[in-house]
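Accompanying notes for the structure given below.
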Amino acid sequence: MSARPGRASGATTRRRVRARVEGTVQGVGFRPFVYRLAGQLGLDGAVWNDARGAVVELEGDGPAVEAFLVRLPREAPALALVERLVREEVPPTGERGFTIVASAAEGEPSALVSPDAATCGDCLAELRDPRDRRFRYPFVNCTNCGPRFTIVRGVPYDRPLTTMAGFTMCPRCRAEYEDPADRRFHAQPNACPVCGPTAWLADGHGQRLDLDPRSDAVEAAAQALRDGLVVAVKGVGGFHLACRADDEGAVAALRSRKHREDKPFAVMARDLDGARALVALGAEEESLLLARERPIVLAPRLEWASVAPSVAPRSTELGVMLPYSPLHHLLVDDFARAAAAAAGGPAALVMTSGNASDEPIAYGDEDALARLSGIADRFLLHDRPIHTRTDDSVVRVVEVGSARGPVARATTEPGSRRPLVLRRSRGHVPASVELPLAAARPLLACGAELKSTFCVAKGQRAWVSHHVGDLKNYETLVSFREGVEHFERLFAVVPEVVAHDLHPDYLSTGYALERGVDLVGVQHHHAHLAACLAEHGELRPAVGAIYDGTGYGTDGTVWGGELLVGDLTGFERAGHLRPVRMPGGERAVREPWRMACAWLVEAYGPQPPLPAVLAPWVEPDRWGVIAELARTGFSSPVTTSAGRLFDA
Ligand SMILES: [Zn+2]
Ligand SMILES: [Zn+2]
C-alpha cells in the first residue's frame with residue numbers, strides 16, 4: 001500500500017468508509033472505474049486489489065459517500081460482477097486525491113478470475129481503423145475484453161502470473177496500462193504490434209512460410225481457406241480446424257482426415273447477418289450469438305444455407321458461432337473478401353475442434369503440430385501460450401414452462417424460451433455458481449468419466465470446471481489432474497471432503513480415493529438431480545426424471561432411465577425403465593443392434609425373428625446367439641439405460 005499523507009481535516013461532516021468488494025473485480029477495469037466514479041463525486045481515498053477482491057476507501061461528504069456505494073455495483077464495468085460489498089466506518093485521515101494502489105499479494109487468493117470475453121466494440125473499431133496503431137493486430141484487447149481464464153497461471157490476476165509474462169510492454173502500452181483513465185489500465189494481456197505476440201503461417205509440417213510482403217499471416221491463411229485447404233488455427237482455448245463451409249471437397253477431406261464419421265462440425269459466420277443466412281434464429285439465439293461468451297448456438301438449418309452436406313450429415317440443425325477473438329475477426333473478414341472475389345455470396349468457415357476423433361483438442365504448439373499435421377494443410381500459429389485448454393461452449397434455446405402444474409407456473413412464464421447450456425466451457429468458466437446451501441467444509445467433486453467435469457466449492461460458492469473430456473484418454477486424465485490443482489489454487493480451496501461417483505472403476509473415482517481425505521460416494525443420477533436443484537437454488541425435494549446412458553446404481557446394476565424423488569442430500573428410486581439385458585456387456589454399446597435384440601426378447605419372448613431392417617447387417621446365426629445371451633443373461637448385465645433404449 002502507498003503511504004498516505006495524514007492531514008488534519010477541517011470539515012466536520014467528513015466521513016471515511018472502507019468497502020470490501022468481492023466478486024469478479026480483478027482484470028475487468030474495476031479500479032479505473034472506481035477512480036473515475038470517485039472523481040465524479042469529488043471523493044478522496046484509494047482503491048487496491050488484494051487476494052480476496054478489491055478494497056475501496058472513500059472519504060468526503062456523507063451524501064457523496066452514500067451515492068458512491070449505491071452506484072458502485074450498478075455501474076460497474078461490463079465484465080465485473082460485484083457479488084458482495086461489506087462496508088465499515090473508519091476514522092477520516094484527511095487524505096486528498098484518489099489513488100490506485102498496486103496489487104498486494106497477501107491474504108488468501110479467492111479473488112475471482114473472469115472468463116474469456118469476446119472482442120469488444122472499441123477494440124474491434126481499432127482493429128479495423130487503418131490509422132490506429134493496432135490496425136489489423138490479432139491480439140488487441142482491453143479491460144473489457146480478451147483472454148482471461150485461458151492465460152491465467154495463478155492468482156492474484158497480474159501479468160507475471162499469466163502467459164503474457166514473457167512480453168515486456170513498450171512505452172506506449174506501458175503508459176496505457178498505468179493510466180487510470182485509460183481503457184487499458186491494468187489490462188494484463190495489453191499488447192501492440194511493437195511489443196506483443198505475433199502470428200505466422202506455417203505449412204502442414206509446421207515450417208514457417210515466407211509470405212508475400214504485401215500480405216500478412218492471417219490474410220495468407222484466408223487465401224488458403226478460399227482455395228479449399230484445411231487450416232489449423234490457434235485460438236483462445238485451443239486449436240480449431242478450419243475450412244470453407246460451402247466446399248464439399250474441403251469439408252469431406254477434413255472429415256475423413258479427422259476420422260470423424262458423422263459428428264456435426266460447428267461453423268463460424270462472419271456476423272449476425274452471416275448467421276441468419278445459415279440457420280433460423282429467434283431473438284434469444286441472436287442475443288446468445290452476440291453475447292460476450294460467444295458460444296456455439298444450435299439452431300435449425302435453413303434449406304438454402306450455403307453449407308456443404310458433409311458439415312452436419314443427417315442433422316437438421318447446425319452449430320453456429322460468431323468470431324470471438326481479433327484473430328477470428330480478421331480471418332473471417334479476409335476470407336469473406338477473398339471468397340466473394342472468387343465466387344460471391346455469404347461466406348462461413350467450418351471451425352471444429354482441433355483433434356482427431358475422441359482425442360482432446362490440441363492447445364500446445366508442439367502437440368498441435370504432432371497431432372494435426374496429417375489433418376491440416378496450413379497452421380496459423382501465434383506465440384501467446386494457452387495455459388488451460390478450453391473448448392467452445394454449446395448452447396441451445398428450449399421452450400420451457402409449457403408443462404402445467406404449480407411448480408411450472410410459479411417459476412417460469414408459460415411458453416418462454418430459455419438458453420440451455422449443453423457444454424459449459426470457454427466464456428463461462430470459471431464463473432462461480434451460488435449454492436443454495438453453504439458447503440460445511442471445502443470440497444472437491446470429481447464427476448464421472450466420459451464427459452468429465454469437476455467442481456470445487458467453498459462456503460456458498462461452487463466453481464464448475466471447463467469440459468475436460470473422456471478420462472480414458474491418458475492426456476485428458478493428465479488435464480483433469482492439472483485442472484483440479486489449478487482450480488484449487490485459483491480459488492484457494494483445500495478440499496476436506498471429496499465426492500465421487502459410486503462407480504468403483506471410474507478413473508475419477510480412483511483419483512478421489514488417492515486424495516486421502518473424507519470421501520462421499522454419490523449415486524450418478526442423484527448427482528444429476530442434486531446439480532439441477534442446486535443450479536436453481538432449490539432446497540425442497542423434487543421428482544427428477546433423469547435419462548442418460550450409464551450410471552452405477554446402488555444395487556450394482558447399470559441405471560440410466562430413472563425417476564428419483566429426492567433433495568440435495570438423499571433420494572428414493574421411485575421408478576425406472578424396464579430392466580433389460582445388455583448382451584455381451586459393453587459390446588452392446590458399440591453394436592446397438594444387440595440392444596434391439598434384447599428389447600425384442602423382453603417384449604416377445606426368446607428367439608424373436610430378425611427384423612428385416614437389420615437383415616443387411618446382422619447374420620441370422622449371430623442374432624440367435626445374442627437372443628440367447630439376452631434370455632439367459634450370460635455375460636449380459638441388466639440395465640435401465642435410456643441411452644441403450646434409444647440405441648434399440
Ligand atoms: Zn476491448
Ligand atoms: Zn506495445
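The values are calculated or read from the model by the stated rules, or taken from the named source; none is laboratory data. None of the values given here were measured: they were computed from a predicted structure. Every residue, glycine among them, receives a Cβ derived from its backbone with ideal geometry; neighbour counts consider all protein chains shown. These area figures cover heavy atoms from the full protein model, side chains too; ligands, DNA and RNA do not enter into them. Shrake-Rupley method; radii C 1.70, N 1.55, O 1.52, S 1.80 Å.
For the chain, the longest stretch holding no GluC sites (Glu not before Pro) located in a DSSP loop with at most 15 other Cβ atoms within 10 Å is which? Display every interim value, and only then the final one.
On the way: sites that count: GLU106, GLU261, GLU303, GLU496, GLU586.
Answer from the scan: 304-495.
Using a/c under 1.5 as the rounded threshold, could you call the chain rounded, prolate or oblate? The axes a ≥ b ≥ c are square roots of the C-alpha gyration tensor eigenvalues, and prolate needs a/b larger than b/c, oblate otherwise. All intermediate terms of the calculation are to be shown ahead of the outcome.
On the way: a/c = 2.16, a/b = 1.36, b/c = 1.59.
Here the chain falls in the oblate category.
Once you have a ≥ b ≥ c as the square roots of the Cα gyration tensor eigenvalues for the range 396-576, tell me rounded if a/c is under 1.5, and otherwise prolate or oblate according to whether a/b is larger than b/c. Can you show the working numbers first?
On the way: a/c = 1.61, a/b = 1.37, b/c = 1.18.
Prolate, since a/c reaches 1.5 and a/b exceeds b/c.
Tell me, what is the percent relative contact order of the range 396-576, built from C-alpha pairs under 8 Å that lie six or more residues apart?
15 percent
With the Cα gyration tensor of the range 114-201 giving a ≥ b ≥ c as the square roots of its eigenvalues, does the rule (a/c under 1.5 for rounded; else a/b larger than b/c for prolate; else oblate) give rounded, prolate or oblate? Display every interim value, and only then the final one.
Working: a/c = 1.39, a/b = 1.34, b/c = 1.04.
The shape class here is rounded.
Taking amide H atoms as placed 1.01 Å from N in the peptide plane, list the residues 5 or more away in sequence, or in a different chain, whose amide H sits under 5 Å from that of GLY469.
SER452
Express as a percent, rounded to the nearest 5, the fraction of DSSP beta bridges in the chain (both residues included) that run antiparallel.
Antiparallel: roughly 80 percent of the beta bridges in the chain.
Tell me, what HN-Hα J-couplings in whole Hz come from the Karplus equation 6.51 cos²θ - 1.76 cosθ + 1.60 at θ = phi - 60° for each residue of the range 292-301, using x for Gly and Pro?
After applying 6.51 cos²θ - 1.76 cosθ + 1.60, I find 5, 6, 6, x, 6, 10, 8, 8, x, 6 Hz.
Of all accessible surface on the chain at a 1.4 Å probe, what whole percent is carbon and sulfur? Write down the numbers at each step before the final one.
Numbers: 15470 of 28540 Å².
The C+S portion of the solvent-accessible surface of the chain is 54 percent.
State in Å² the accessible area per residue of the chain; use a 1.4 Å probe, count heavy atoms of protein chains only, and round to the nearest integer.
Values: 28540 Å² over 648 residues.
Heavy-atom accessible area per residue stands at 44 Å².
Looking at the range 462-504, which chymotrypsin sites (Phe, Trp or Tyr not before Pro) are DSSP coil and have at most 14 other C-beta atoms within 10 Å of their C-beta? Don't skip to the end; give the middle numbers.
On the way: sites: TRP463, TYR474, PHE480, PHE487, PHE491; in loops: PHE491.
Answer in residue order: no site qualifies.
Could you work out [θ]222 nm for the chain from helices alone, using -39500 (n - 2.57) per DSSP H run of at least four and dividing by all its residues? Round to the nearest 500 deg cm²/dmol.
Dividing the helical sum by the residues of the chain leaves -8000 deg cm²/dmol.
For HIS576, what residues show an amide H to amide H distance below 5 Å, using hydrogens built from the backbone and excluding near sequence neighbours?
Residues meeting the criterion, in which the H sits 1.01 Å from N, are LEU563.
Please list 3J(HN,Hα) in residue order for the range 578-587, calculated via the Karplus relation 6.51 cos²θ - 1.76 cosθ + 1.60 where θ = phi - 60°; whole Hz, with x for glycine and proline.
Running phi through 6.51 cos²θ - 1.76 cosθ + 1.60 with θ = phi - 60° gives 4, x, 10, 7, 9, x, x, x, 4, 4 Hz.
Each residue of the range 126-143 in turn: what ³J(HN,Hα) in whole Hz from Karplus with 6.51, -1.76, 1.60 and θ = phi - 60°, glycine and Pro shown as x?
Couplings: 5, 4, 9, 9, x, 8, 7, 6, 10, 3, 6, 8, x, 10, 4, 7, 7, 5 Hz.
Mind listing which trypsin sites (Lys or Arg not before Pro) in the range 182-247 are in a DSSP loop and have 15 or fewer other Cβ atoms within 10 Å?
Values: sites: ARG183, ARG184, ARG208, ARG214, ARG226, LYS234, ARG244; in loops: ARG183, ARG184, ARG214.
Here the trypsin sites (Lys or Arg not before Pro) that fit, given the DSSP loop and packing criteria, are ARG214.
Please list, in chain and number order, the residues 5+ apart from GLU317 or on another chain whose amide H is under 5 Å from its amide H, with Hs placed from the backbone.
Long-range HN contacts for GLU317: ARG301.
Give me the percent relative contact order of the range 249-403, please, defined on Cα pairs under 8 angstrom at least 6 residues apart.
Details: 208 pairs, mean separation 47.5, N = 155.
Relative contact order, the range 249-403: 31 percent.
Sorted by accessible area with a 1.4 angstrom probe, largest first, how do SER114, SER373, SER635 fall? Display every interim value, and only then the final one.
Values: SER114 5, SER373 45, SER635 70 Å².
Greatest to least solvent exposure: SER635, SER373, SER114.
In this model, which of LYS234/LYS451; LYS258/LYS458; LYS258/LYS451 are farther than 30 Å apart at the alpha-carbon?
As for pairs spanning more than 30 Å Cα to Cα, those are LYS258/LYS458.
How high is the relative contact order of the chain, given as a whole-number percent (alpha carbon pairs under 8 Å, six or more residues apart)? Intermediate results must be reported in sequence, preceding the final value.
Details: 1454 pairs, mean separation 64.8, N = 648.
Once normalised by length, the contact order is 10 percent.
As an exercise, identify the chymotrypsin sites (Phe, Trp or Tyr not before Pro) in the range 556-646 lying in DSSP coil whose Cβ has no more than 12 other Cβ atoms within 10 Å.
Numbers: sites: TRP559, PHE571, TRP593, TRP599, TYR604, TRP617, TRP623, PHE634, PHE646; in loops: TRP617, PHE634.
Sites meeting the loop and neighbour criteria: TRP617, PHE634.
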